[in-house]
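Chemist: Sharing a structure below in structure tokens format, with a few things to ask.
The values are calculated or read from the model by the stated rules, or taken from the named source; none is laboratory data. Only a predicted model underlies this, so the values are computations on that prediction, with no experimental measurement involved. Here the Cβ positions follow ideal geometry from the backbone for every residue, glycine too, while neighbour counts run over all protein chains shown. Side chains are part of the model used for accessible areas, which takes the heavy atoms of the whole protein and leaves out ligands, DNA and RNA. Shrake-Rupley method; radii C 1.70, N 1.55, O 1.52, S 1.80 Å.
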Amino acid sequence: MLHQFLDANRAELIERCLAKGLRRSSPPGPLTTLEFGIPVFLEQVIETLRMEDRGNPSQSNLARVSPTGTHVPTALATSAAKNGHQLLRNGYAVDQVVYHYGDLCQSITELATEKGTPVATREFNILNRCLDDAIADAVTEFGWQRDQLIAKISTRAMSERLGFLAHELRNSLNTAILSFAVIKTGKVSVGGSTSAVLDRSLVGLRELIDRALAEVRLTAGIPTPNEDFDVAVFIAEVQVAAALEAGARGCTLVVDPVEPGVAVRVDKPMLYSAVSNLLQNAFKFTRRGSLVTLATRVTAERVMIEVQDHCGGLAPGQAEAMFVSFQQHGADRSGLGLGLSIARQAVEANGGELRVHNLPGTGCVFTIDIPRSIQKPSS
């Protein structure tokens with residue numbers, strides 16, 4: 001009887017299956033995943049063959065349909081579904097789910113041939129039915145779980161995009177509120193630089209809304225045109241708004257002179273967003289009463305915009321973690337933990353790089369590294 005042959009050679013069959021899986025390719029997940037599925041499936045095949053041999057097919061593991069037409073779950077179906085779930089969680093692809101069960105069928109056939117053990121047609125058909133049922137249930141569960149995972153990833157991506165928009169809208173609105181508060185005191189001219197900051201913030205709010213609408217166009221493959229502009233003028237615009245934020249946070253902003261006549265060709269609102277987010281992050285974490293420095297270094301081909309704070313430095317391994325969305329890394333838990341992630345995406349979208357250099361015991365230096373334009377800059 002086939003079930004007696006399988007029971008007597010259980011260990012060797014399992015070993016052969018594992019060897020086949022390893023020869024085919026290195027498993028993406030731990031071997032415990034395979035070690036769980038193969039022995040359980042083999043045990044259920046043995047039990048099914050035993051029940052069929054005893055004339056009790058109603059107690060076997062073959063898929064059945066109830067009188068009402070619904071599928072009747074069996075132990076084989078349940079464990080195959082569980083195995084499909086585990087294979088997905090451990091990084092296996094759907095074709096490996098099929099191979100996973102096919103290896104056992106092939107191992108049984110090979111071993112039976114080697115030992116000269118005949119397999120009756122009826123028993124072989126039962127084995128194939130078990131295999132078909134297991135593959136169907138495992139692949140079904142694998143696909144359902146994968147769809148659920150994709151849905152979760154898509155939901156998170158949408159949440160991040162909405163979070164980015166809300167974060168940026170709040171930043172521009174906060175700057176506008178600070179500017180208006182200063183103007184209300186009557187100590188500054190309505191036509192002065194503070195008023196210009198208010199104007200810039202309101203324009204920024206409009207640009208953010210326009211950018212949200214533009215995302216639909218970008219998805220359709222219509223690029224947003226970049227522009228050449230003067231870096232010195234750009235830094236001056238950033239400085240006016242940032243100085244207000246620094247004052248509100250109790251620190252001092254120092255802006256180093258910028259070499260005149262240097263241009264970059266990028267999406268200006270996106271670069272403004274990146275620099276502003278780096279400065280706001282610096283104001284948030286720098287020690288009260290300390291300096292935040294905004295400096296610009298220029299080479300023949302690159303422009304580096306640097307923001308240095310006095311936060312005391314980073315803990316080991318924290319540098320890259322700082323750029324993960326929705327992560328907070330300090331005592332100040334205001335905000336969504338999106339600023340640095342937004343800055344990096346904005347810089348990379350313009351062909352640049354954002355990196356951080358840790359100054360232990362002192363602070364951090366964030367550097368935006370973008371290509372220099374050979375075109376004549378505009379204001």
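Chemist: Would you rank 270, 304, 1 by solvent-accessible area, highest first, keeping every protein chain in place and using a 1.4 Å probe?
Modeler: Working: 270 40, 304 15, 1 120 Å².
My answer, sorted largest first, is 1, 270, 304.
Chemist: Suppose each label sits 7 Å from its Cα in the direction of the beta carbon; what would the residue 117-residue 180 distance come out to in nanometres?
Modeler: Placing both labels 7 Å along Cα→Cβ, they lie 8.3 nm apart.
Chemist: With a 1.4 Å probe and every protein chain left in place, tell me how much accessible area residue 129 has, in Å² to the nearest 10.
Modeler: Using a 1.4 Å probe on the heavy atoms, I get roughly 120 Å².
Chemist: As a test of reading the structure, rank 14, 38 by solvent-accessible area (1.4 Å probe, protein chains only), most first. Mind dumping the intermediate values first?
Modeler: Numbers: 14 35, 38 10 Å².
Reading off the accessible areas and sorting them downward yields 14, 38.
Chemist: May I pose another question? With θ taken as phi - 60° and the coefficients 6.51, -1.76 and 1.60, list the Karplus ³J(HN,Hα) couplings across segment 101-113 in order, rounded to whole Hz; mark glycine and proline as x.
Modeler: Listing the rounded values in order: 7, x, 4, 5, 4, 5, 5, 4, 4, 5, 5, 5, 5 Hz.
Chemist: Roll a 1.4 Å probe over the protein heavy atoms and report the accessible area of residue 369 in Å², nearest 10.
Modeler: Counting only protein heavy atoms, residue 369 exposes about 20 Å² to solvent.
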